[in-house]
Amino acid sequence: MKDVHRTYTTEINDILLSALSYSVCDIWGQDRVSVLLEGHGREALHVDTEVDRTVGWFTSMYPVVLHQKNNWADQVIQTKETLREIPNQGIGYGVLYEVPKLSLTFNYMGEVVGQEEWVPYGTGEGISENNRMPGKLQVNGIVTNGCLTMSFSYDDQWVTEAEAE
């Protein structure tokens, strides 16, 4: 988490996406993969915009195409360069293009420091029943207590539980 990305002056998100895109291309026999990236929308884009007194995320979702390269160094560099070309870290980018239902969705949520407090009040449903998975495969990553956890979810209309095992 601390050193792997320094060689190429990247961020951990670049490394995770490099590994994911390389693996998916290899497994699915493709030379590129379309990924719907999810951003939390709290990037410092404008000096005069203050979001420190707001609650929640301003989720932005935007498509990106990553190409498989022959070696790890080229894969990381290509992924990094592709992501840096996306304006405003994806905010508003998805509005410019019609976002198709892509096979793969990726979200690295970053590092959570400390423990979250338990809230004794009811909060209702966390996600609406009408909210469907945006792709066939969803990959989420988060670091808690210094440990990276990746979760993989799939659309049960795409893969049955028996096939997943």
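Things to note:
- So Thr10, is it outside any helix (DSSP H, G or I) and either of a type in the set (Ser, Thr, Tyr) or at pLDDT 90 or above (or both): yes
- Every residue from region 19-47 that is modelled with pLDDT under 85 and part of a loop (DSSP other than H, G, I, E, B): His40, Gly41, Arg42, Glu43, Ala44, Leu45, His46, Val47
- Candidates in region 48-66 are the residues that are modelled with pLDDT of 70 or more and within 17 Å of the chain's Cα centre (by Cα); of these, the one that is surrounded by the most Cβ atoms within 10 Å (Cβ to Cβ) is Leu66.
The values are calculated or read from the model by the stated rules, or taken from the named source; none is laboratory data. What you see is a predicted model; the values in this text were computed from it and never measured. All Cβ positions, glycine included, derive from the backbone under ideal geometry; neighbour counts span all protein chains shown.
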